[in-house]
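Read through the structure below, which is laid out as structure tokens, and then see the notes.
The values are calculated or read from the model by the stated rules, or taken from the named source; none is laboratory data. Here the structure is a predicted model, which is why all the values come from computation and not from measurement. Here the Cβ is made from the backbone with ideal geometry for all residues, glycine too, and neighbour counts use every protein chain on show. SASA here: full protein model, heavy atoms, side chains in, ligands and nucleic acids out. Shrake-Rupley method; radii C 1.70, N 1.55, O 1.52, S 1.80 Å.
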Amino acid sequence: MSAPTFKSFTLALIQLGHIGPEKAANLRHARQMILKAMAREKERKPNVIVLPECFNSPYGHVHFPVYAENINYTPGEPYDISKSPSESVKMLSSVAKEAGAWLIGGSIPERDETDNNIYNTCTVYNPKGDLVATHRKVHLFDIDIPGKITFKESETLTGGNTMNYFDTEFARIGLGICYDIRFPELAMVLARKDCHVLIYPGAFNMTTGPLHWELLARARAVDNQVYVSTCSPARDLNAGYHAWGHSMVTDPLGKIVTEAAEGEEIVFADIDPKIFQDARAGIPVTTQRRFDVYPDVSKGV
Ligand SMILES: NC(=O)CCC(=O)C(=O)O
């Protein structure tokens with residue numbers, strides 16, 4: 001299917017705070033913040049609202065099995081929210097409908113009861129509250145920087161094996177989750193599938209955040225001449241994992257359009273197709289590739 005015509009829209013990133021051990025409280029707070037993003041009076045209300053990675057549970061491999069929910073979604077098949085086994089999906093669907101906005105529901109730990117694996121999964125809702133897409137984090141965050149941070153999602157998670165995007169009435173939006181942003185191939189293929197915007201719910205940390213969070217978002221934006229957005233939890237020094245924060249939107253020229261600080265905050269960005277078109281017209285790398293010199297790795301996917 002061809003991508004929708006790219007039109008301007010407003011994006012809201014919820015840099016959610018107060019993510020604690022009580023899932024019901026996390027869901028309540030996320031809901032309140034989504035409605036707060038919609039309560040904007042003087043400026044354009046958001047058309048797309050984004051939550052951070054792992055917004056309903058503390059972030060850590062020991063927590064994933066405890067908080068995991070069965071979602072039971074099959075791409076391309078109708079999904080009856082009223083029969084969803086997931087309380088998080090039910091909440092996100094109902095608040096997307098109440099808000100009348102597209103909602104990228106960060107991510108939650110998902111247990112797939114067909115294979116009993118646990119995934120780090122993003123769910124997406126249209127303004128009617130329908131679940132229209134999911135993305136299971138493809139690249140698991142397994143790193144070891146001695147004296148700084150050791151983290152191994154693969155202790156309890158399994159990586160997803162699909163690339164995912166969805167169409168709105170104003171843009172095609174590609175999905176990744178956090179560590180996925182380090183893999184240029186994923187962003188490149190999504191861009192070659194005509195995504196205008198790539199969105200990564202994420203949670204970098206106090207070691208890799210200052211090193212690479214902004215650099216990677218800007219790099220993926222410039223590589224592919226697309227808008228790139230990352231959405232983090234707020235930093236909580238009492239939590240087991242200290243998120244970097246700094247949720248941001250970069251335009252296709254790599255310019256930061258908006259950026260949060262560390263605390264709980266909602267930031268907004270107007271996404272402008274003209275900047276996308278001018279970037280591609282002025283620096284036409286999208287038409288200058290030399291597949292006679294190097295392979296076109298986006299072919300065949
Ligand atoms: N949640 C994550 O995937 C963290 C990724 C990260 O911090 C990185 O440096 O990459």
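Give the range of the longest stretch in the chain that excludes all GluC sites (Glu not before Pro) found in loop regions by DSSP and having at most 13 other beta-carbon atoms within 10 Å. Spell out each step's value before the answer.
Working: sites that count: Glu22, Glu41, Glu43, Glu113, Glu169.
Between the exposed loop sites, the longest stretch runs 170-301.
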task: Tell me the trypsin sites (Lys or Arg not before Pro) within the range 211-301 that lie in a loop according to DSSP and have at most 12 other beta-carbon atoms within 10 Å.
output: Arg289, Arg290, Lys299
message: Using a 7 Å offset from Cα along Cα-Cβ at Thr114, what residues in the range 63-79 end up with backbone N under 18 Å from the label point?
response: 69-79
message: Under a crude label model (7 Å from the Cα following the beta-carbon direction), how far is Arg28 from Ile143 in nanometres?
response: 3.5
Selected from Val124, Val132, Val197 as most flexible by GNM, with the chain as the system and alpha-carbon contacts under 10 Å: Val132
message: Suppose R0 equals 25 Å. What FRET efficiency, 1/(1 + (r/R0)^6) with r the Cβ-Cβ distance, do Lys36 and Lys152 give to the nearest 0.05?
response: 0.10
task: In nm, give the distance between the simple-model label positions of Thr162 and Asn238, each being 7 Å from the Cα along the Cα-to-Cβ direction.
output: 4.0
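Rounded to the nearest 0.05, what FRET efficiency do Asp270 and Asn72 have when you use their Cβ-Cβ distance and R0 = 45 Å?
Values: r = 36 Å, r/R0 = 0.81.
Once the sixth-power term is evaluated, E becomes 0.80.
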query: With each label point set 7 Å from Cα along the Cα-Cβ vector, what nm distance links His212 and Thr5?
result: 4.0
query: Which of Gly60, Gly106, Gly129 moves the most in a Gaussian network model of the chain with Cα springs under 10 Å?
result: Gly60
- prompt: Using a Gaussian network for the chain with springs between C-alpha atoms less than 10 Å apart, which of these wobbles most: Ala25, Ala37, Ala219?
  reply: Ala25
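Normalise the Cα radius of gyration of the chain by 2.2 N^0.38 Å (N = residues in it) and let me know the number. If you can, show how the numbers build up before the last one.
On the way: Rg = 18.1 Å, N = 301, 2.2 N^0.38 = 19.2 Å.
It is 0.94.
Per the 1.4 Å probe, what fraction of the accessible area of the range 9-288, in percent, lies on carbon and sulfur atoms? Walk me through the numbers before you get to the answer.
On the way: 5850 of 11460 Å².
Of all accessible area on the range 9-288, carbon and sulfur atoms account for 51 percent.
For the range 193-301, which semi-axes, largest first and in whole Å, follow from the square roots of 5 times the eigenvalues of its Cα gyration tensor? Walk me through the intermediate numbers first.
On the way: eigenvalues 181, 55, 22 Å².
Calculated on Cα positions only, the semi-axes equal 30, 17, 10 Å.
Leaving out ligands and nucleic acids, note down the accessible area per residue over the range 104-167 with a 1.4 angstrom probe, in whole Å². Walk me through the numbers before you get to the answer.
Values: 2760 Å² over 64 residues.
Accessible area per residue, the range 104-167: 43 Å².
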message: Helix-only mean residue ellipticity at 222 nm, the chain, DSSP H runs n ≥ 4 weighted -39,500 (n - 2.57), per residue, nearest 500. What is it?
response: -6000 deg cm²/dmol
field: Dipole magnitude of the chain, debye to nearest 20 (Cβ charges: Lys/Arg +1, Asp/Glu -1, about Cα centre)
entry: 580
Sites Lys255 and Asp296, calculated FRET efficiency, Cβ-Cβ separation with R0 30 Å, nearest 0.05: 0.60
task: For each pair in Lys128/Lys274; Lys42/Lys90; Lys45/Lys193; Lys36/Lys97; Lys90/Lys193, compute the distance between the two Cα atoms and list the pairs where it is over 24 Å.
output: Lys128/Lys274; Lys42/Lys90; Lys45/Lys193; Lys90/Lys193
field: Cα centroid of the range 140-161 to Cα centroid of the range 1-73, whole Å
entry: 23
field: In the range 176-276, chymotrypsin sites (Phe, Trp or Tyr not before Pro) in a DSSP loop with at most 12 other beta-carbon atoms within 10 Å
entry: none
